[in-house]
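Student: Pasting a structure here, questions to come.
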Amino acid sequence: MYCVREVTDRLYWVGANDHRLTLFENIHPIPKGVSYNSYLLLDEKTVLFDTIDWSCCRQLVENVEHLLGDRALDYLVINHMEPDHGASLQEILIRWPQVKIISTEKAFMLMRQFGFTVDGHEQIRVREGDTFCFGKHTVTFIAAPMVHWPEAMVTFDTTNGVLFSADAFGSFIALDGKLFADEVNFERDWLDEARRYYTNIVGKYGPHTQLLLKKAAGILDQIKLICPLHGPVWRKDIPWFVHKYDLWSRYEPEEKGVLIAYASMYGNTESAAQALAARLCEKGVTNVAVYDVSNTHVSTLIAETFRYSHLVLASVTYNLGIYPVMHNFLADMKALNVQNRTVAIVENGSWACKSGELMEQFVRTQMKNMTVLDRKLSLASSLPASKAGELEALADAIVESVQKA
Ligand code: FEO
């Protein structure tokens, strides 16, 4: 059965929702699913903007066939060739062989790399600033390299103010009937997953996202709708969400607060993390989140790191090094370009305690613009009452730093 929604006059969402996929990109859990968005414009010419993941291709075809009726599909605009959007390309070409493909040079290269037989079909290569008219609607193409793949572009319909933004402004969570961000309580129910999506998928490419935002700023008053490739369409509060993207892509924290990430084998480092959290709250810093790195997916830790201004790394020593799961978190922060945070260290070791020194070294030498507080807490197996003063001093140092942030 077809399942479509009208976005605006003559423009329809023809994508699909996926609750079967467990891991997005085979790495990030998506317990609430994800949507693959594709859009069909019925102008004097018919235009499909991007396809969807192969697993949902049948739904896309039903949707497009339903809306086209007897009409042909004239154009296919590919903004992004990652397979969660490009994988149904071949099926579209088989069903509508006369369709003309509009995309960037690099995207055509990727189509061939992925094994799609695009040669023999009319290919229209576009670059930054090129325009194309489909009848009443004229679009302009805006390059968005490395947001988050090199071939990416976004397409702006100058007639109705619709920005087809590729992965930018996307989110995890299946739409399940909803289409617009104002049809859900986005801040309450979606923001965490939008942050987790951006920071883990695009987070490394903050400077490239900033370039795209600067281009968007030039036409912000003309943008009426943002149609991303995942998650809801934006028609209200666009500046609010653009501001979130601005913060994330500048690696600026959203909130003054403290993320405590602990790695604990037998509960003693955990106990110290909890005692520290309690001291912080007692001193008035109540925006505190505590996570066990061993049972929290690293994509959540990354998203929370982008959210908070301060980070406490509390780790046991393991094989004379950093506990492996904590080390993985550190490596992921580095890979995703996390910066501009203040870090406090809690270390533990029953003998040859090394984790604190190594974590500090990692943060100082492998990451950018990070501040490590001088005050640390060093434990030998557990946190005894005799260390209450040191705990208190560390909490004071963090509170002072948060208040200055
Ligand atoms: Fe949603 Fe970069 O693909």
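Student: Let me confirm something: among 336, 373, 383, which residue is assigned by TED's automatic domain parsing to the domain that holds residue 306, more than 23 Å from the chain's Cα centre (by Cα) and touching a residue at least 60 places away in the same chain (Cβ under 8 Å)?
Tutor: Residue meeting the stated conditions: 383.
Student: Another question, then. Can you run down the residue pairs with Cβ atoms below 8 Å, 6 or more apart or on separate chains, where the first is in segment 132-159 and closer than 12 Å to residue 47 by Cβ and within 16 Å of the ligand (Cβ to nearest atom) and the partner is β-branched (Val, Ile, Thr) and at pLDDT 95 or above?
Tutor: 155/77; 155/139; 155/140; 155/142
Student: Of the residues that sit in segment 272-295 and are surrounded by fewer than 17 Cβ atoms within 10 Å (Cβ to Cβ) and either among the hydroxyl-bearing types (Ser, Thr, Tyr) or not assigned by TED's automatic domain parsing to the domain that holds residue 377 (or both), which one is nearest to residue 200 (Cα to Cα)?
Tutor: Only one residue tops the list, namely 294.
Student: Confirm whether residue 164 is more than 16 Å from the ligand (Cβ to nearest atom), buried (at least 20 other Cβ atoms within 10 Å of the Cβ) and under 22 Å from residue 213 (Cα atoms).
Tutor: Considered against the rule, which asks whether it is more than 16 Å from the ligand (Cβ to nearest atom), buried (at least 20 other Cβ atoms within 10 Å of the Cβ) and under 22 Å from residue 213 (Cα atoms), residue 164 comes out as no.
Student: Write out, first by first residue and then by second, each pair whose Cβ atoms fall under 6 Å of each other, whose residues are 6+ apart or on separate chains, and whose first residue, in segment 92-120, is under 19 Å from residue 38 (Cβ atoms) while the second is charged (D, E, K, R).
Tutor: What qualifies is 100/122; 104/151; 107/151; 110/151.
Student: Next question. What's the number of the condition residue 77 fails, among (1) in contact with a strand residue (DSSP E or B) (Cβ under 9 Å, 6 or more places away or on another chain); (2) away from the ligand (no atom under 16 Å from the Cβ)?
Tutor: Of (1) in contact with a strand residue (DSSP E or B) (Cβ under 9 Å, 6 or more places away or on another chain); (2) away from the ligand (no atom under 16 Å from the Cβ), only one is false for residue 77: (2).
Student: For residue 59, work out the one condition from (1) surrounded by fewer than 21 Cβ atoms within 10 Å (Cβ to Cβ); (2) away from the ligand (no atom under 14 Å from the Cβ) it doesn't fulfil.
Tutor: Status for residue 59: all satisfied but (1).
Student: Related question: Is there a residue in segment 174-183 that is surrounded by fewer than 21 Cβ atoms within 10 Å (Cβ to Cβ), part of a helix (DSSP H, G or I) and more than 17 Å from the chain's Cα centre (by Cα)?
Tutor: Yes: segment 174-183 contains one or more residues that are surrounded by fewer than 21 Cβ atoms within 10 Å (Cβ to Cβ), part of a helix (DSSP H, G or I) and more than 17 Å from the chain's Cα centre (by Cα).
Student: Select, from 135, 120, the only residue that is more than 18 Å from the chain's Cα centre (by Cα) and either at pLDDT below 95 or not assigned by TED's automatic domain parsing to the domain that holds residue 223 (or both).
Tutor: The conditions single out 120.
Student: I've got another one for you. Being closer than 22 Å to residue 388 by Cβ and basic (Lys, Arg) is the filter here; which residues of segment 232-289 pass it?
Tutor: 279, 283
Student: Shifting gears a bit: What's the number of the condition residue 242 fails, among (1) within 16 Å of the ligand (Cβ to nearest atom); (2) hydrophobic (A, V, I, L, M, F, W, C); (3) in contact with a strand residue (DSSP E or B) (Cβ under 9 Å, 6 or more places away or on another chain)?
Tutor: (1)
Student: Of a type outside the set (Asp, Glu) and buried (at least 21 other Cβ atoms within 10 Å of the Cβ), is that true of residue 243?
Tutor: no
Student: Related question: Which one of these is surrounded by 16 or more Cβ atoms within 10 Å (Cβ to Cβ) and in the same structural domain as residue 85 (by TED's automatic domain parsing): 151, 128?
Tutor: Criteria check complete, one pass: 151.
Student: Can you name the helices (runs of 4 or more DSSP H) wholly within segment 298-405 that have at least 1 residues being farther than 26 Å from residue 30 by Cα?
Tutor: Of the helices (runs of 4 or more DSSP H) lying wholly inside segment 298-405, those with at least 1 residues that are farther than 26 Å from residue 30 by Cα span 355-366, 388-404.
The values are calculated or read from the model by the stated rules, or taken from the named source; none is laboratory data. In this text the structure is predicted, and so the values were computed from the model without any measurement. Positions of Cβ are backbone-derived with ideal geometry, glycine not excepted, and every protein chain shown enters the neighbour counts.
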